[in-house]
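A short worksheet on the structure shown next.
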(Lines give C-alpha, C1' and ligand atoms only; values in the text may rest on other atoms or scores of the structure.)
Protein backbone atom coordinates (compact mmCIF):
# COMPACT_ATOMS: atom_id res chain seq x y z
CA UNK A 1 0.00 0.00 0.00
CA UNK A 2 2.74 2.47 0.98
CA UNK A 3 4.75 1.54 -2.11
CA UNK A 4 1.72 2.25 -4.34
CA UNK A 5 1.26 5.69 -2.80
CA UNK A 6 4.98 6.42 -3.21
CA UNK A 7 4.85 5.37 -6.88
CA UNK A 8 1.84 7.64 -7.48
CA UNK A 9 3.61 10.55 -5.78
CA UNK A 10 6.79 9.75 -7.72
CA UNK A 11 4.98 9.92 -11.07
CA UNK A 12 3.10 13.08 -10.08
CA UNK A 13 6.31 14.79 -8.93
CA UNK A 14 8.07 13.88 -12.18
CA UNK A 15 5.18 15.11 -14.36
CA UNK A 16 4.68 18.34 -12.40
CA UNK A 17 8.46 18.80 -12.14
CA UNK A 18 8.84 18.46 -15.90
CA UNK A 19 6.06 21.01 -16.38
CA UNK A 20 7.99 23.28 -13.99
CA UNK A 21 11.02 23.11 -16.27
CA UNK A 22 8.89 24.67 -19.00
CA UNK A 23 6.58 26.85 -16.91
CA UNK A 24 8.00 29.36 -14.45
CA UNK A 25 6.55 29.32 -10.95
CA UNK A 26 6.52 25.52 -10.57
CA UNK A 27 9.51 24.12 -8.66
CA UNK A 28 10.67 21.99 -11.60
CA UNK A 29 13.71 19.88 -10.93
CA UNK A 30 13.31 20.31 -7.18
CA UNK A 31 10.35 17.94 -7.53
CA UNK A 32 12.64 15.42 -9.28
CA UNK A 33 14.88 15.57 -6.22
CA UNK A 34 11.89 15.12 -3.86
CA UNK A 35 10.68 12.18 -5.96
CA UNK A 36 14.09 10.53 -5.64
CA UNK A 37 14.08 11.05 -1.86
CA UNK A 38 10.61 9.51 -1.54
CA UNK A 39 11.60 6.42 -3.48
CA UNK A 40 14.99 6.14 -1.78
CA UNK A 41 13.56 6.25 1.75
CA UNK A 42 10.21 4.51 1.32
CA UNK A 43 11.13 1.83 -1.22
CA UNK A 44 14.63 0.89 -0.05
CA UNK A 45 16.98 -0.60 -2.58
CA UNK A 46 15.06 0.59 -5.66
CA UNK A 47 17.40 3.48 -6.42
CA UNK A 48 20.88 4.24 -5.17
CA UNK A 49 22.17 7.14 -3.16
CA UNK A 50 24.07 8.14 -6.30
CA UNK A 51 20.79 8.75 -8.09
CA UNK A 52 19.57 10.95 -5.24
CA UNK A 53 22.87 12.86 -5.40
CA UNK A 54 22.54 13.29 -9.16
CA UNK A 55 18.97 14.59 -8.71
CA UNK A 56 20.16 17.10 -6.10
CA UNK A 57 23.00 18.18 -8.38
CA UNK A 58 20.58 18.55 -11.30
CA UNK A 59 18.27 20.70 -9.19
CA UNK A 60 21.15 22.89 -8.01
CA UNK A 61 22.39 23.24 -11.59
CA UNK A 62 19.15 24.94 -12.65
CA UNK A 63 20.12 28.19 -10.92
CA UNK A 64 23.38 28.79 -12.81
CA UNK A 65 21.72 27.59 -16.04
CA UNK A 66 19.01 30.25 -15.74
CA UNK A 67 21.49 33.00 -14.94
CA UNK A 68 23.95 31.90 -17.61
CA UNK A 69 21.21 31.61 -20.24
CA UNK A 70 20.00 35.14 -19.58
CA UNK A 71 23.54 36.51 -19.59
CA UNK A 72 24.46 34.73 -22.82
CA UNK A 73 21.29 35.95 -24.51
CA UNK A 74 21.72 39.51 -23.29
CA UNK A 75 25.35 39.51 -24.38
CA UNK A 76 24.24 38.15 -27.76
CA UNK A 77 22.00 41.23 -27.95
CA UNK A 78 25.06 43.34 -27.09
CA UNK A 79 23.74 44.41 -23.71
CA UNK A 80 25.98 46.44 -21.45
CA UNK A 81 26.49 45.65 -17.78
CA UNK A 82 23.48 47.89 -17.10
CA UNK A 83 21.38 45.88 -19.53
CA UNK A 84 22.38 42.68 -17.75
CA UNK A 85 21.50 44.31 -14.43
CA UNK A 86 18.14 45.44 -15.85
CA UNK A 87 17.41 41.96 -17.20
CA UNK A 88 18.06 40.49 -13.75
CA UNK A 89 15.83 43.04 -12.02
CA UNK A 90 13.16 42.58 -14.69
CA UNK A 91 13.25 38.84 -14.20
CA UNK A 92 12.82 39.25 -10.44
CA UNK A 93 9.95 41.74 -10.78
CA UNK A 94 8.38 39.52 -13.43
CA UNK A 95 7.95 36.76 -10.86
CA UNK A 96 5.09 38.75 -9.34
CA UNK A 97 3.23 38.88 -12.67
CA UNK A 98 3.11 35.17 -13.39
CA UNK A 99 4.28 33.50 -16.57
CA UNK A 100 3.94 36.57 -18.82
CA UNK A 101 5.97 38.61 -16.33
CA UNK A 102 8.72 36.04 -16.19
CA UNK A 103 8.98 36.03 -19.96
CA UNK A 104 8.64 39.77 -20.58
CA UNK A 105 10.32 41.01 -17.37
CA UNK A 106 13.95 40.42 -18.42
CA UNK A 107 13.24 41.89 -21.85
CA UNK A 108 11.70 45.07 -20.45
CA UNK A 109 14.31 45.32 -17.67
CA UNK A 110 17.21 45.15 -20.12
CA UNK A 111 15.51 47.60 -22.48
CA UNK A 112 14.76 50.19 -19.78
CA UNK A 113 18.21 49.90 -18.18
CA UNK A 114 19.93 50.32 -21.54
CA UNK A 115 17.93 53.45 -22.35
CA UNK A 116 18.10 55.09 -18.93
CA UNK A 117 21.42 53.96 -17.45
CA UNK A 118 23.53 53.32 -20.56
CA UNK A 119 21.88 56.06 -22.62
CA UNK A 120 21.74 53.84 -25.69
CA UNK A 121 19.43 54.24 -28.66
CA UNK A 122 16.02 52.62 -28.78
CA UNK A 123 17.29 50.12 -31.38
CA UNK A 124 20.34 49.12 -29.30
CA UNK A 125 18.20 48.85 -26.19
CA UNK A 126 15.61 46.74 -28.01
CA UNK A 127 18.35 44.40 -29.24
CA UNK A 128 19.59 43.96 -25.68
CA UNK A 129 16.04 43.27 -24.48
CA UNK A 130 15.40 40.71 -27.21
CA UNK A 131 18.73 39.09 -26.36
CA UNK A 132 17.65 38.77 -22.73
CA UNK A 133 14.40 37.16 -23.90
CA UNK A 134 16.39 34.77 -26.08
CA UNK A 135 18.46 33.94 -23.00
CA UNK A 136 15.30 32.76 -21.27
CA UNK A 137 14.65 30.43 -24.20
CA UNK A 138 18.26 29.19 -24.06
CA UNK A 139 18.07 28.44 -20.34
CA UNK A 140 14.69 26.70 -20.72
CA UNK A 141 16.13 24.50 -23.47
CA UNK A 142 19.13 23.64 -21.28
CA UNK A 143 16.88 22.80 -18.32
CA UNK A 144 14.70 20.63 -20.58
CA UNK A 145 17.76 18.65 -21.69
CA UNK A 146 18.81 18.32 -18.06
CA UNK A 147 15.32 17.04 -17.14
CA UNK A 148 15.51 14.35 -19.84
CA UNK A 149 18.95 13.36 -18.58
CA UNK A 150 17.65 13.06 -15.00
CA UNK A 151 14.69 10.97 -16.15
CA UNK A 152 17.16 8.70 -17.95
CA UNK A 153 19.15 8.38 -14.70
CA UNK A 154 15.97 7.26 -12.90
CA UNK A 155 15.10 4.74 -15.60
CA UNK A 156 18.63 3.31 -15.75
CA UNK A 157 18.89 2.99 -11.98
CA UNK A 158 15.42 1.49 -11.49
CA UNK A 159 15.37 -0.93 -14.43
CA UNK A 160 18.97 -1.70 -15.31
CA UNK A 161 21.16 -1.30 -12.22
CA UNK A 162 19.00 -2.81 -9.48
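The values are calculated or read from the model by the stated rules, or taken from the named source; none is laboratory data. Treat the numbers as computed from the prediction; the structure is a model and nothing was measured. Glycine gets a Cβ as well: all are built from the backbone with ideal geometry, and neighbour counts include every protein chain shown.
For the range 82-89, the count of residues that are surrounded by fewer than 17 Cβ atoms within 10 Å (Cβ to Cβ) and out of contact with any helix residue (DSSP H, G or I) (no Cβ under 6 Å at 6 or more places or on another chain) is zero.
Can residue 42 be described as more than 19 Å from the chain's Cα centre (by Cα) and more than 15 Å from residue 139 (Cβ to Cβ)? Lay out the reasoning, then the answer.
Numbers: more than 19 Å from the chain's Cα centre (by Cα): yes; more than 15 Å from residue 139 (Cβ to Cβ): yes.
Here the answer is yes, as residue 42 does meet what is asked.
Of the residues making up the range 112-139, those that are buried (at least 18 other Cβ atoms within 10 Å of the Cβ) and touching a residue at least 60 places away in the same chain (Cβ under 8 Å) are 132, 133, 134, 135, 136, 138, 139. Checked against the criteria, residue 109 does not count as in contact (Cβ under 8 Å) with a residue 40 or more places away in the chain, farther than 30 Å from residue 56 by Cβ and crowded, with 17+ Cβ neighbours inside 10 Å. Just one of the numbered conditions (1) more than 28 Å from residue 20 (Cβ to Cβ); (2) at pLDDT 85 or above is not true of residue 143: (1). Scanning for something under 30 Å from residue 131 (Cα atoms), within 20 Å of the chain's Cα centre (by Cα) and not in a helix (DSSP H, G or I), does the range 5-23 turn up at least one residue? Scanning the range 5-23, I find at least one residue that is under 30 Å from residue 131 (Cα atoms), within 20 Å of the chain's Cα centre (by Cα) and not in a helix (DSSP H, G or I), so the answer is yes.
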